[in-house]
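Step one of this worksheet: look at the structure below.
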6 protein chains.
Amino acid sequence: MIHITRRERFNAAHRLFREEWSDEQNLEVFGKCSNPKWHGHNYELFVTVKGEIDPETGFLLNLKDLSLLIRERVIEKVDHRNLNLEVDFMKGRLVSSENIAAAIWDELAEGVRKLGAELHCVRLVETENNSVEFYGYNS
Amino acid sequence: MIHITRRERFNAAHRLFREEWSDEQNLEVFGKCSNPKWHGHNYELFVTVKGEIDPETGFLLNLKDLSLLIRERVIEKVDHRNLNLEVDFMKGRLVSSENIAAAIWDELAEGVRKLGAELHCVRLVETENNSVEFYGYNS
Amino acid sequence: MIHITRRERFNAAHRLFREEWSDEQNLEVFGKCSNPKWHGHNYELFVTVKGEIDPETGFLLNLKDLSLLIRERVIEKVDHRNLNLEVDFMKGRLVSSENIAAAIWDELAEGVRKLGAELHCVRLVETENNSVEFYGYNS
Amino acid sequence: MIHITRRERFNAAHRLFREEWSDEQNLEVFGKCSNPKWHGHNYELFVTVKGEIDPETGFLLNLKDLSLLIRERVIEKVDHRNLNLEVDFMKGRLVSSENIAAAIWDELAEGVRKLGAELHCVRLVETENNSVEFYGYNS
Amino acid sequence: MIHITRRERFNAAHRLFREEWSDEQNLEVFGKCSNPKWHGHNYELFVTVKGEIDPETGFLLNLKDLSLLIRERVIEKVDHRNLNLEVDFMKGRLVSSENIAAAIWDELAEGVRKLGAELHCVRLVETENNSVEFYGYNS
Amino acid sequence: MIHITRRERFNAAHRLFREEWSDEQNLEVFGKCSNPKWHGHNYELFVTVKGEIDPETGFLLNLKDLSLLIRERVIEKVDHRNLNLEVDFMKGRLVSSENIAAAIWDELAEGVRKLGAELHCVRLVETENNSVEFYGYNS
C-alpha cells in the first residue's frame with residue numbers, strides 16, 4: 001500500500017460566528033476571527049489517498065485525475081470566494097478549519113473511490129502556525 | 001551601511017474593484033479578484049530599513065522597536081480586517097498589492113526615521129507566486 | 001475525530017554530553033554537538049491534539065488556549081535559554097531532540113486534557129534536515 | 001517509542017514510460033512525464049525510523065549513521081543520475097515516485113535494523129505539489 | 001515606481017558540458033553535473049518587472065498577462081523538457097543557470113515592454129542552495 | 001553581469017551583551033538576547049557574488065569553489081560554536097547579526113576576488129522574521 005499527497009491552494013474570505021449570537025458574543029468566543037466584515041486566508045489543501053500500486057503504470061492513480069477531482073469538487077467552489085456565503089458544501093456549517101476539512105472529505109471521498117483509491121487524509125493549512133487533519137469518520 | 005529586514009504577517013479580506021464600474025466591468029478587468037463578496041489572503045510583509053551600525057549596541061536599530069512600529073502603524077489596522085472597508089490608510093485607494101505596499105510605506109517612513117534609520121523597501125507577498133516591492137518615491 | 005496542529009518556535013542553546021564522561025568521550029559519541037561552550041538552534045515545535053469537533057463552536061478546542069498552554073508550559077521556559085542549565089523539565093536528562101520531545105509531552109498532556117482534547121503528537125524540528133516525533137508512552 | 005526523520009536530497013533525470021509501448025501510447029498515459037528526452041526533479045527524501053530511546057545517549061540512533069546509510073545506499077546511486085538508465089535498484093521498474101519510494105524502502109530496511117531501529121516511512125517529495133509515502137509491505 | 005515579481009516553475013533535464021571536450025574533461029570542469037545521461041531539477045523562476053502604478057487599476061500590469069507571457073515564451077518550451085536538446089533559446093549555449101537566466105531575459109524583455117512595464121530581474125533557483133540573478137545587459 | 005547566490009547554514013550559540021555593563025544593563029538594552037547562559041540559532045547565510053559569465057564554462061565561477069571558500073573561511077569557524085567565545089573574527093565585536101554579517105564580508109571579500117568575481121552581498125537570516133544584508137563599505 002502506498003500513500004500519495006496532492007497539494008492544491010485557494011484564497012478565500014471567511015468569518016467565525018453563530019448567526020443566533022450577538023457580535024459581542026461572537027467576539028468573546030471567536031475573537032478577531034468573528035469580524036463581521038470578514039477576513040481571509042491563503043489556504044493550502046493537502047489531500048492524501050492510499051491504495052495499491054498498479055503494476056502497469058507504476059501509479060496508485062494518475063495525479064492529474066486526482067488534481068482534477070479536487071479542483072472540480074473543491075477549488076472551483078472556494079477559490080476567491082466567501083466561504084460563509086458562497087460555498088454550497090459549507091451552508092449551515094460554522095466555517096472553522098475543522099468543519100472545512102470535514103466538508104472537503106465529504107466532497108472527495110466518493111470521487112477518490114472511483115479513481116481506484118481510498119481517501120486517507122484531508123489536511124488544511126490555514127496559516128503557517130495552524131492546520132487541521134481529518135482522517136474520516138471511522139478514524 | 002547595513003540593511004535589516006523584519007517580517008510581520010496579517011490575514012485580511014479584500015476585493016479589487018472600482019465603485020463607479022459595474023460588477024461586469026470589474027470582473028472583466030480584475031477577474032475573480034473582484035468578487036463582490038470578498039476573498040482574502042495571508043499577507044507576508046517584509047520591511048527593510050538601512051543605516052549605520054551603532055557601535056555601542058552593534059545594532060542598526062532595536063528590532064523590537066521596528067516590530068512595534070510595524071504592528072502599531074500597520075498590523076493592528078489590517079490584521080483580520082477587510083482592507084476595503086476598515087483600513088484608514090486604504091480609504092479611497094484601489095486595494096491592489098501595489099497600492100497596499102505604497103500605503104504601508106507612507107505609514108512607516110516617518111517612524112523609521114525616528115528610530116534612527118531609513119526605510120528602504122516594503123515588500124508585500126500576497127501568495128507564494130505574487131509579490132510587490134516598493135522602494136519609495138525617488139527610486 | 002479531528003487533529004489540530006499548532007506551531008510554536010523557540011531559540012535555545014544546548015549541548016549533548018554526559019557529565020561523567022570526559023570531553024574526549026563526549027566528542028567521540030556526540031561529535032561537534034558536544035562542544036563544551038554550547039551551540040544552539042531555532043527549534044520549531046508542532047503540537048498535534050485530537051478529539052471531537054464541538055458543534056457549537058466548530059472547534060476541537062480554541063487554538064488560542066492551546067497556544068497559551070504551550071507558551072506557559074514550554075516556550076517561556078526554553079526560549080532564549082540554555083536547555084541544559086536553565087530548564088526545569090530537562091534537569092537530569094540528556095538534552096537530545098528525542099528527550100526534549102518526550103519531556104514536552106509530559107509538560108503538555110495534562111493541560112491538553114483539561115482543554116477537552118487529547119495530546120496526539122509532539123514534533124520537534126531541530127534543523128531542516130532533522131526532526132523527531134513523540135506519540136506518547138502507549139504508541 | 002520515538003520517531004526520527006532525516007531529510008536528504010538528490011537531483012535526477014527520469015522518464016515515465018513502458019518500453020513495450022509506443023511513444024504515443026506512453027504520451028497518452030503518462031503525459032509530458034513520458035518525454036523520451038527526459039526531464040528531472042530536485043527530489044526531497046524524508047526517511048523516518050522508530051524505536052526506543054537509548055538512555056545512555058538520549059538517541060534512538062545516531063543521526064550521522066542514518067545519514068551515512070541513506071547516502072551510501074540511495075543518494076550516491078541516484079544523485080545527478082538518470083533514474084531509468086543508471087540506478088541498479090530501479091532496473092526493470094517503472095520510474096514513478098511510488099516505485100522509487102518502495103525501492104528506497106528495500107535499500108534501507110535492513111540497514112536501519114542494523115542501526116538498532118525500525119524503518120517506519122519513506123517519503124519522497126517530487127515537487128511542492130506531489131509526494132508519496134511508503135510504510136512498508138505490512139502497512 | 002513599483003516592482004512586481006511573478007513566480008513560475010518548471011521541471012527539466014540538463015547537462016553541463018562542452019561538445020568538443022571529452023567526457024573526462026567535462027567531468028573535471030563540471031563534475032557530476034556533466035553526467036552524459038543527464039540529471040534534472042525543479043527550477044523556480046522569479047520574474048521581476050518595474051514601472052508606474054496605473055491609477056485606474058491600481059496595477060503596474062495585470063499579473064495574469066505577465067504569467068501568460070512567461071508561460072508562452074518560457075515555461076511551455078522548458079517544462080518537462082531536456083534543456084540541452086529541446087529548447088530553441090538554449091541552442092548553442094552551455095546550459096548553466098547563468099546562461100538560462102540570460103536567455104530567459106532575452107525571451108521576456110520585449111514582451112514585458114509591450115505590457116507597459118520594464119523587465120528588472122530574472123532570478124532562477126536551481127536548488128535551495130544555488131540561484132542566479134540577471135539584471136540585463138546594462139546593469 | 002550576473003549575480004550568483006550560494007546558501008550555507010550553521011548552528012551556533014551567542015549572547016548580546018557588553019562586558020563592561022552589568023547583567024541588568026545588558027538585559028535592559030538587549031532583552032532576553034543577553035541571557036548570560038547563552039541561546040542559539042540555526043543561521044542561514046546567503047553569499048551573493050557578481051561578475052561576467054565565462055564563455056568557456058557558462059559560469060561566473062564554479063559554485064563548488066565558492067562553497068569551499070565559505071566553508072573554510074566561515075562555516076568551519078562558526079558551526080556548532082559559541083560565536084562570542086570561539087570565533088576569531090568576532091573577537092572584540094558585539095555579536096549582533098549586523099556585526100556577524102560585516103565580519104563575514106571581511107572573511108570572504110578577498111577570496112571571492114581570487115575566484116574571479118566580486119562579493120556583492122552577505123545576507124544572514126537569524127530567524128524566519130529577522131535578517132540582515134551587508135553590501136560592503138562603499139554601498
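Couple of notes before you dig in:
- Rounded to the nearest 20 debye, the dipole size of chain D about its Cα centre is 200 debye, using +1 on the Cβ of Lys and Arg and -1 on the Cβ of Asp and Glu.
- 20 Å reach of a label modelled at residue D:25, 7 Å along Cα-to-Cβ, counting backbone N of the stretch A:41-63: A:54-62
- Value of Rg to Rh for the stretch A:63-139 (Rh from inverse mean 1/r over Cα pairs, i.e. Kirkwood): 0.95
- Once the C-beta distance of residue B:37 and residue A:18 is scaled by a Förster radius of 25 Å, the resulting FRET efficiency is 0.80 to the nearest 0.05.
- For residue F:106, the distances from its label point to the matching points in the remaining copies are 4.4, 4.4, 4.6, 5.7, 6.6 nm, ordered from shortest, with each point set 7 Å beyond Cα toward Cβ.
- Take residue D:19, push a point 7 Å out from Cα through the beta-carbon direction, and compare it with the same point in every other copy: 3.0, 6.4, 6.4, 7.1, 7.1 nm, smallest first.
- Shielding by other protein chains, B:10-17, mean Cβ within 10 Å: 5
- Put in line by how crowded their Cβ is, counting other Cβ atoms within 10 Å and starting with the fewest, C:135, C:43, D:137 read D:137, C:135, C:43.
- ³J(HN,Hα), Karplus 6.51/-1.76/1.60, whole Hz, each residue of the stretch D:89-95, x for Gly, Pro: 7, 10, 4, x, 10, 5, 8
- Projected label distance in nm at residue E:9 and residue B:76, using a 7 Å step from Cα toward the beta-carbon: 3.9
- Once you divide the Cα radius of gyration of the protein assembly as shown by 2.2 N^0.38 Å, the number left is 0.95.
- Hydrodynamic radius of chain A per Kirkwood, over alpha carbon pairs, in Å: 15.9
- Beta bridges by DSSP in the protein assembly as shown, antiparallel share as percent, to the nearest 5: 95
- Between the helical axis of E:97-114 and the longest alpha-carbon principal axis of chain E there is an angle of about 30 degrees.
- Close amide H pairs (under 5 Å, H built 1.01 Å from N) link residue E:35 with E:16, residues at least 5 positions away or on another chain.
- Distances between placed amide hydrogens fall under 5 Å for residue B:60 paired with B:54, all partners being 5 or more residues away or on another chain.
- For chain C, relative contact order (Cα pairs under 8 Å, six or more residues apart, normalised by length) works out to 30 percent.
- If you take all other residues with their beta carbon under 11 Å from the beta carbon of residue B:26, and give Lys and Arg +1 and Asp and Glu -1, the sum is -2.
- Identity and axial distance of the chain F residue whose Cβ lies nearest the axis relating F to D, Å: F:9, 7
- Measuring r between the beta carbons of residue E:88 and residue E:118 and using R0 = 25 Å, the FRET efficiency lands at 0.55.
- Net charge of Cβ neighbours under 14 Å - reference residue C:93; Lys, Arg +1; Asp, Glu -1: -4
- In this assembly of identical copies, the label point of residue C:1 (Cα plus 7 Å along Cα-to-Cβ) is separated from its counterparts by 1.5, 1.5, 5.9, 5.9, 6.1 nm, sorted shortest first.
- Projecting the Cα atoms of D:122, D:109, D:96 onto the dipole axis of the stretch D:96-137, where Lys and Arg carry +1 and Asp and Glu carry -1 at the beta carbon, places D:109 farthest toward the positive end.
Rule-based calculations on the coordinates, nothing more; no lab input. This is a predicted model, so every value here is computed, not measured. Cβ atoms come from the backbone with ideal geometry, glycine included; neighbour counts cover every protein chain shown.
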